[in-house]
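In what follows, a single structure is set out as structure tokens and then discussed.
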Amino acid sequence: MNSSGEFTGDFPYAVIDDVIDRALREDLSLGDATTDALIPSGLPGAANLVARSAGVLAGVQVACEVFRRVDPSIESEPLMEDGLRLEPGQVIARISGSMAGILKAERTALNLLQRMSGIATMTAELVDAVKGTNARIIDTRKTAPGLRALDKYSVTAGGGANHRFNLGDLVLIKDNHLESLAEEGLGIADVVRRARQNARHNLRIEVEVETVDQAGEALEGGADIILLDNMSPDEMSRAVKLVAGRALTEASGDINIATVRAAAESGVDLISVGALTHSVKALNIALDYESS
């Protein structure tokens with residue numbers, strides 16, 4: 001956010017052309033039978049992207065680019081910026097030009113805009129719910145295949161932060177790693193030490209644990225982040241006190257709007273919520289034709 005409270009996150013320009021091209025191929029590989037049969041190619045028109053529900057905006061640039069990709073002569077003017085709160089009836093962008101092109105681009109533009117704004121909206125709800133604590137809401141890798149960059153951008157538009165983007169960003173030792181290495185007789189601290197020895201020198205090491213005692217073992221091994229998986233708020237509080245700031249602590253495991261405040265009040269530094277991107281409720285946004 002800048003000094004005016006506006007979102008200033010990094011837009012994923014590097015991937016957007018590929019995402020839009022793949023989405024348009026799904027819809028237009030055989031043309032648009034309805035529009036091609038009914039709408040003259042030279043017919044001009046205009047429409048507005050309008051919020052039907054309250055929420056947080058994300059993806060307005062993506063939606064506008066979809067219209068331009070279908071027909072470069074279409075003018076797409078964003079009237080609001082990502083990260084801003086929406087109220088029903090607010091006009092997000094104005095689209096004008098070839099009516100045939102506008103209709104062909106409509107569904108792809110809305111699919112992306114609605115999904116991204118839905119992610120930003122859920123994120124903002126959770127961020128609001130933990131205000132006054134030190135906890136930060138973060139995402140996971142549970143994103144739609146091919147849309148990770150847009151999904152994670154949308155989380156930041158809602159005031160959240162990103163966890164690792166891919167498997168190379170962080171050493172994250174989970175239960176299956178630990179169980180397979182237990183066959184060698186390695187405990188949690190041993191596994192952390194092995195990771196420290198073999199991983200790139202600049203990577204942080206995170207360990208998933210299920211008990212307070214295991215949190216102590218991870219700390220003994222030198223973990224940078226300790227993920228407290230499916231613990232009760234009381235267990236999380238005890239683990240946080242044990243760690244005492246010597247590592248970051250992260251709460252995880254079916255956390256939602258009803259439980260997130262209790263998790264935050266345990267004192268954890270991070271709260272990861274997979275539902276931000278794997279259970280998205282699209283925000284209700286429509287394309288309204290603007291009559292002359």
Return the pair list, or none, for Cβ contacts closer than 6 Å from residues in the stretch 179-205 that are over 21 Å from residue 164 (Cα atoms) to residues that are among the charged types (D, E, K, R) and surrounded by 15 or more Cβ atoms within 10 Å (Cβ to Cβ), at least 6 apart or on different chains. 188/217; 189/217
Determine, yes or no, whether residue 144 is touching a residue at least 40 places away in the same chain (Cβ under 8 Å) and part of a loop (DSSP other than H, G, I, E, B). yes
What is the number of the single condition among (1) buried (at least 16 other Cβ atoms within 10 Å of the Cβ); (2) more than 30 Å from residue 49 (Cβ to Cβ) that residue 185 does not meet? (1)
Is one or more of the residues making up the stretch 223-238 within 30 Å of residue 50 (Cβ to Cβ), without any contact (Cβ under 8 Å) to a residue 12 or more places away in the chain and hydroxyl-bearing (Ser, Thr, Tyr)? no
Identify, by number, the condition in (1) surrounded by fewer than 21 Cβ atoms within 10 Å (Cβ to Cβ); (2) under 24 Å from residue 264 (Cβ atoms) that residue 154 doesn't meet. (1)
Could you please let me know if residue 240 is in contact with a helix residue (DSSP H, G or I) (Cβ under 8 Å, 6 or more places away or on another chain) and not aromatic (Phe, Trp, Tyr)? no
If you check residue 172 against the conditions, is it of a type in the set (A, V, I, L, M, F, W, C), assigned to a helix (DSSP H, G or I) and over 18 Å from the mean Cα position of the chain (by Cα)? no
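Pick out the one residue from 100, 58 that is of a type in the set (Gly, Ala, Ser), more than 28 Å from residue 148 (Cβ to Cβ) and not assigned by TED's automatic domain parsing to the domain that holds residue 158. Full working, then the answer.
Working: 58 fails: more than 28 Å from residue 148 (Cβ to Cβ).
Checking each option against the conditions leaves just 100.
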Heads up, the helices (runs of 4 or more DSSP H) in the stretch 192-292 (entirely inside) with at least 3 residues that are at positive phi and of a type outside the set (Asp, Glu) are none
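Please work out which residue is modelled with the highest pLDDT, limiting yourself to the stretch 1-52 and to residues that are hydroxyl-bearing (Ser, Thr, Tyr) and under 30 Å from residue 159 (Cβ atoms).
Step one: list which residues in the stretch 1-52 are hydroxyl-bearing (Ser, Thr, Tyr), which gives 3-4, 8, 13, 29, 34-35, 41.
Then drop every residue that is not under 30 Å from residue 159 (Cβ atoms), which leaves 3-4, 8, 13.
Working: 3: 36, 4: 43, 8: 55, 13: 82.
Looking at the filtered set, the residue picked out is 13.
Has the stretch 103-112 got at least one residue that is of a type in the set (A, V, I, L, M, F, W, C), within 21 Å of residue 272 (Cβ to Cβ) and part of a helix (DSSP H, G or I)? Lay out the reasoning, then the answer.
So the first thing to find is which residues in the stretch 103-112 are of a type in the set (A, V, I, L, M, F, W, C), and the list is 103, 105, 109-110, 112.
Subset that is within 21 Å of residue 272 (Cβ to Cβ): none.
For the stretch 103-112, residues of a type in the set (A, V, I, L, M, F, W, C), within 21 Å of residue 272 (Cβ to Cβ) and part of a helix (DSSP H, G or I): absent.
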Filter the stretch 42-88 for residues that are within 18 Å of residue 290 (Cβ to Cβ) and of a type in the set (S, T, N, Q); the one that is farthest from the chain's Cα centre (by Cα) is 73
Members of the stretch 263-283 that are over 15 Å from residue 233 (Cβ atoms), of a type in the set (S, T, N, Q) and crowded, with 17+ Cβ neighbours inside 10 Å: 272, 277
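Kindly provide the set of residues from the stretch 218-266 that are of a type in the set (Gly, Ala, Ser) and within 23 Å of residue 186 (Cα to Cα), ordered by number. Can you show your working first?
Step one: of the stretch 218-266, the residues of a type in the set (Gly, Ala, Ser) are 218, 221-223, 232, 237, 239, 244-245, 247, 251-253, 258, 262-264, 266.
The answer is 218, 221, 222, 223, 239, 247.
The values are calculated or read from the model by the stated rules, or taken from the named source; none is laboratory data. What you see is a predicted model; the values in this text were computed from it and never measured. Counting neighbours? That spans all protein chains shown, and the Cβs are built from the backbone with ideal geometry, glycine included.
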